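Working notes, structure below.
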Amino acid sequence: MAPPGGLRVAKPFAERVQSGKGKLIRGALALLLNWLVIAWWMHYRHHSMEAQRPVDVHKAPPPRPPPPARSDSAPKAAPKAAPEAAPRARPRPPPAERPRAAAAARSDPYATNETLVLGAERCAAFRAANPKLQRRFAPAGLFNSATNALWRTVLNNCKLTANGRHDLFMTPWGKHNPASWRGKHTAKMFSNASVLQWAPRLDSVLPLVIVKDPLTWMPSTCRHPYAVRLHPAQKQSKTCPSPHLAKPVSVAFQADRVLRYDSLPALWRDWHAEYYDAPYPRLMLRSEDLLFDPAGVARTVCDCLGGDLAAEADFVIEGGKKGVAFGHAQDTKGRRDALAFYGDATRRFENYAPDDLAFVAAALGDFAPFRYFRYDRGVS
């Protein structure tokens, strides 16, 4: 019997549910069909681009088939000289054997004939233990040492494989934490509670330890202490760290893990000593080389990793654009200002009295990296 007044009767609940399921299934099938069409188009485009790639002109052409046998009655033409085979490209030497391009002459206070690095003798073992796809690099260093600038310089200019990235923003144990925390502490970025939900194999990570001149690092730390807890006398001094260089300091590497040091020079020495004495592969590089010769630093790291360095015309210099800081965003010096500031030899000794330099010499004079990186110039 039809409803009065031409009114429509609502469908039973079960029938509406069944109808909704049908619409949902049809929508899902349509979405899957669209995805398959897009995937097929991307596959077709990739192969079309592969087919259009230019032919390598340095590759020797394939041998021609022999000509058909001629009749004895046919006149024989004079034999032609065999065409010379196209020259083959010389195989590229492994990274450790590549000659280094001569860097432009430097006149800064830290200038040497080459990029100074500690740990290059372990690069071959690192490459042998890790396939190229698994190799990663990660910056490490004290606060105010340009760890971010080092990370971006290598990331932008060194390529290991055609696809994928081989960088970590920090070492798995934390880029500012002591080297002895390796395998004993996991940075939040790699913990189970992080977004990544992943931690790399420690032996596949090459730490890039950046070292800064202690005479310029200590004033930077006074301006931007970060986790360093300065002595109250140093906080009040306008010429920090002088004249309170011998005062004890502490560092809150974690909220519940605060380490104490006899002085700022002792902090600089003890922190770097752990990486210097570490038994695993690592590179220790100068912050000043990164500033005055970034290509030399990138080349040193890239050779160690077994990658390819960007061409000179494509090389990206960190902080090279106007208004971009060199290093950490909190640093007020752009690269141009940093070049002028650290290029002036007199700035190293600003606010240091003779007694201060004598204290630094006594605290660091027997530390090998202090001498190797030429930080003892004018101090001892």
Taking segment 348-373 as the region of interest, how many residues are in a helix (DSSP H, G or I) and either free of Cβ contacts under 8 Å to residues at least 40 places away in the same chain or over 24 Å from Glu114 (Cβ atoms) (or both)? 12
When segment 136-169 is examined, which residues are found to be farther than 16 Å from Val301 by Cβ and either hydrophobic (A, V, I, L, M, F, W, C) or without any contact (Cβ under 8 Å) to a residue 12 or more places away in the chain (or both)? Leu142, Phe143, Ala162, Asn163
Of (1) assigned to a loop (DSSP other than H, G, I, E, B); (2) over 19 Å from Leu142 (Cβ atoms); (3) at pLDDT 95 or above, Asp376 satisfies all except one. Which? (2)
Restricting the search to segment 188-214, which residues are surrounded by fewer than 21 Cβ atoms within 10 Å (Cβ to Cβ) and among the hydrophobic types (A, V, I, L, M, F, W, C)? Met189, Phe190, Ala193, Val195, Leu196, Trp198, Ala199, Leu202
For segment 285-298, enumerate the residues that are among the charged types (D, E, K, R) and either crowded, with 24+ Cβ neighbours inside 10 Å or without any contact (Cβ under 8 Å) to a residue 12 or more places away in the chain (or both). Arg286, Glu288, Asp289
Selection count where residues are more than 11 Å from Thr161 (Cα to Cα) and of a type in the set (Lys, Arg), scope segment 120-139: 3
Go through segment 216-234 and give me each residue that's in a helix (DSSP H, G or I), under 18 Å from Asp262 (Cβ atoms) and touching a helix residue (DSSP H, G or I) at 6+ places or on another chain (Cβ under 8 Å). Trp217, Met218, Thr221, Cys222, Gln234
Just to be sure, is Ala345 of a type outside the set (D, E, K, R), in contact (Cβ under 8 Å) with a residue 60 or more places away in the chain and touching a Ser or Thr at 6+ places or on another chain (Cβ under 8 Å)? no
Test: Ala246 is over 23 Å from Lys175 (Cα atoms) and either assigned to a helix (DSSP H, G or I) or not basic (Lys, Arg) (or both): yes
Selection within segment 296-339 - at pLDDT 95 or above and among the aromatic types (Phe, Trp, Tyr): Phe315
If Lys212 satisfies every condition in (1) in contact (Cβ under 8 Å) with a residue 60 or more places away in the chain; (2) farther than 16 Å from Arg286 by Cα but one, which is the exception? (2)
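What is the residue count in segment 270-313 for residues that are part of a helix (DSSP H, G or I) and more than 17 Å from the chain's Cα centre (by Cα)?
Let us first name the residues in segment 270-313 that are part of a helix (DSSP H, G or I), namely 270-276, 287-292, 294-305, 312-313.
Of the ones still in play, those that are also more than 17 Å from the chain's Cα centre (by Cα) are 270-276, 292, 312-313.
Matching residues across segment 270-313 total 10.
Here's the yes/no breakdown for (1) at pLDDT 50 or above; (2) assigned to a loop (DSSP other than H, G, I, E, B); (3) under 30 Å from His224 (Cβ atoms):
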residue: Pro63; (1), (2), (3): yes, yes, no
residue: Pro66; (1), (2), (3): yes, yes, no
residue: Lys76; (1), (2), (3): no, yes, no
residue: Ala85; (1), (2), (3): no, yes, no
residue: Thr112; (1), (2), (3): yes, yes, yes
residue: Glu121; (1), (2), (3): yes, no, no
residue: Leu133; (1), (2), (3): yes, no, no
residue: Trp151; (1), (2), (3): yes, no, yes
Considering only segment 175-187, state which residues are crowded, with 16+ Cβ neighbours inside 10 Å and among the polar types (S, T, N, Q). Asn177
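Are any residues in segment 244-282 charged (D, E, K, R), touching a strand residue (DSSP E or B) at 6+ places or on another chain (Cβ under 7 Å) and surrounded by 14 or more Cβ atoms within 10 Å (Cβ to Cβ), and if so, which ones?
Asp270, Arg282
The values are calculated or read from the model by the stated rules, or taken from the named source; none is laboratory data. Here the structure is a predicted model, which means the values were calculated and not measured. With ideal geometry, Cβ positions are generated from the backbone for all residues, glycine too; neighbour counts draw on all protein chains shown.
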